[in-house]
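Let me begin by presenting the structure, written as structure tokens, before commenting on it.
The values are calculated or read from the model by the stated rules, or taken from the named source; none is laboratory data. It should be emphasised that the depicted structure is a prediction, and the values quoted were computed from it without experimental measurement. Note that we place each Cβ from the backbone using ideal geometry, even for glycine, and neighbour counts take in every protein chain shown.
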Amino acid sequence: MNTERHNITVSGIRVEVIRKNIKNLHLGVYPPTGRVRVAAPMRVSNDAVRLAVIGKLAWIRRQKERFEHQPRESLREMVSGESHYYLGRRYRLQVVVADGPPGPAVRGQSILEMRVRPKSTAAARRRLLANWYREQLKELVPPLLAKWQRQLGVSVAGWGIRRMKTKWGTCNAKARRIWINLELAKKSVRSLEYVVMHELVHLIERHHNDAFMAICDEHLPQWRSLREELTCLPLAHEVWKERF
């Protein structure tokens with residue numbers, strides 16, 4: 001696909017413009033600094049791009065402010081005493097060095113025990129925790145999928161779990177496949193359910209328009225408060241590569 005890239009400034013905001021062989025213009029604001037990007041069809045002029053950005057200035061500024069205040073975890077060293085989250089609760093990590101099978105387990109209401117082999121590295125421990133989170137989601141997601149497919153009258157061809165920097169979930173409506181962010185293992189089951197429902201609604205309506213929100217209102221009236229709940233806990237540490 002042929003692409004052209006350049007930058008423009010609109011009301012003091014720097015905007016990356018990418019022209020592609022696409023049908024519609026797409027505007028996005030991306031973490032961690034609120035980078036603004038417009039993907040536009042080749043035929044769309046710079047003046048039309050500016051007008052599109054001006055029409056969304058209030059929303060763009062809200063998104064940039066949200067990213068500036070969005071809490072992020074520091075890089076975890078995976079040592080005893082650190083805080084880690086699981087299903088919306090905070091746990092203290094307790095590292096136990098042992099020769100048996102390694103892995104995490106919840107102990108009581110406040111301890112996340114992680115059994116590790118001698119001389120295990122922080123990176124190896126992070127992988128253990130990520131794999132454990134993945135296994136928990138593999139058990140939690142199927143019942144939610146079954147419930148919401150039945151309620152919405154849709155069906156998926158497949159689903160998966162992967163780590164995403166900017167989205168809680170995605171839906172490929174054409175392939176009828178959804179992806180769930182691995183980070184949702186740290187959130188409440190209610191938040192996870194909202195994301196599952198949200199992605200399944202995209203099988204009915206692809207865009208976040210009035211029709212999409214009407215479906216959400218009908219089937220999960222509290223979806224807006226659940227969406228807000230997703231911002232209550234810090235997001236994972238990430239290494240970002242700036243484009244500007």
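Here are some notes:
- Qualifying residue in the stretch 8-18 (condition: within 30 Å of Y133 (Cα to Cα) and buried (at least 17 other Cβ atoms within 10 Å of the Cβ)): no
- Only a single item in (1) part of a loop (DSSP other than H, G, I, E, B); (2) modelled with pLDDT under 90; (3) within 30 Å of R134 (Cα to Cα); (4) not assigned by TED's automatic domain parsing to the domain that holds K167 is not met by V29, and it is number (1).
- If you go through the stretch 38-58 and keep only what is modelled with pLDDT under 90 and either under 18 Å from the mean Cα position of the chain (by Cα) or under 13 Å from V10 (Cβ atoms) (or both), you end up with just N46.
- Elements of type strands (runs of 3 or more DSSP E) contained in the stretch 124-229, each with 3 or more residues being closer than 30 Å to G103 by Cβ and in contact with a helix residue (DSSP H, G or I) (Cβ under 9 Å, 6 or more places away or on another chain): 158-162, 177-181
- Across the stretch 177-197, the qualifying residues are those that are among the polar types (S, T, N, Q) and closer than 21 Å to P221 by Cα, and the one among them that is surrounded by the most Cβ atoms within 10 Å (Cβ to Cβ) is S191.
- Residue, nearest to L203 (Cα to Cα), within the stretch 158-176, restricted to residues that are surrounded by 11 or more Cβ atoms within 10 Å (Cβ to Cβ) and over 16 Å from the mean Cα position of the chain (by Cα): A173
- Residue identified as touching a Phe, Trp or Tyr at 6+ places or on another chain (Cβ under 9 Å), over 30 Å from R90 (Cβ atoms) and not aliphatic (A, V, I, L, M) among H198, H208, H219: H219
- The one condition in (1) crowded, with 17+ Cβ neighbours inside 10 Å; (2) at pLDDT below 95; (3) closer than 28 Å to R127 by Cα that L226 fails to fulfil: (3)
- Residue ID - nearest to L140 (Cα to Cα), chosen from residues in the stretch 81-102 that are not in a strand (DSSP E or B) and not acidic (D, E): L87
- The numbered conditions (1) outside any loop (DSSP other than H, G, I, E, B); (2) surrounded by 13 or more Cβ atoms within 10 Å (Cβ to Cβ) are all true for A105 except (2).
- Matching option when the condition is surrounded by fewer than 12 Cβ atoms within 10 Å (Cβ to Cβ) and at positive phi, among G34, G100, G81: G81
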